[in-house]
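In what follows, a structure is listed as structure tokens, so that the remarks can point back to it.
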Amino acid sequence: MKPSYDILLADGAEALGLPDMLKDLIGQNLAQHPQKVVDFMRLRIRIGLMIMDADITITLTFDNGRLTIYPGLQKPVHIFVEGASDIIMALSNQTIKWGLPYYFDETGREILTAMKTGRLKARGMLFHLPSMLRFSRIMSVR
């Protein structure tokens, strides 16, 4: 039996554009890579995401095979990621090797440089490392 999952937009989220794009991206990743569904089903976390250059903040709430994307910040968030739109989108192009983000190709180096220069910040990542790794895997198109 195939696991059932849902990706939903909360009221007001569709007006921002980014939530709908993330819904499509994650939905396509799960459909094209069924092994990612296991990671999706195990996520039970609230992730805040801020796109600094677009002044958009959203919250991704993962719970028992359901992702709900909210406009704004829904507290408490366990992980908070902020960055420029190009860097946030680079996260979806990050190579995953052996179940881990790979930082030794062009996209990986771009992400590391952004973290080093402050263009990409992730708070709470170390306290929720297994969830961050699962989130990275379901976000990546690779």
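The numbers here are math on the coordinates, done by the rules we state, and not lab data. No experiment lies behind these values; they were computed from the predicted model shown. Note that each Cβ is placed from the backbone with ideal geometry, even for glycine, and that neighbours are counted across all protein chains shown.
For the reader, a short list of remarks on this structure follows.
- Trypsin sites (Lys or Arg not before Pro) within region 38-84, DSSP loop, no more than 16 other Cβ atoms inside 10 Å: R44
- P(r), alpha carbons of region 6-139 - 5 Å bins starting at zero, rounded %: 2, 10, 20, 26, 23, 14, 4, 0
- Dipole in debye (nearest 20) - region 6-139, about Cα centre, beta carbon charges: Lys, Arg +1; Asp, Glu -1: 660
- Positive-end ranking of L120, M132, S85 along the dipole of region 6-139, with charges on Cβ about the Cα centre, is headed by M132.
- DSSP assigns beta bridges within the chain; of those with both partners inside it, close to 70 percent run antiparallel.
- Computed over region 6-139, relative contact order equals 26 percent, with contacts defined as Cα pairs under 8 Å that lie 6+ residues apart.
- Close Lys-Lys pairs in the chain, where close means Cα under 27 Å and separation is 8 or more or interchain: 14
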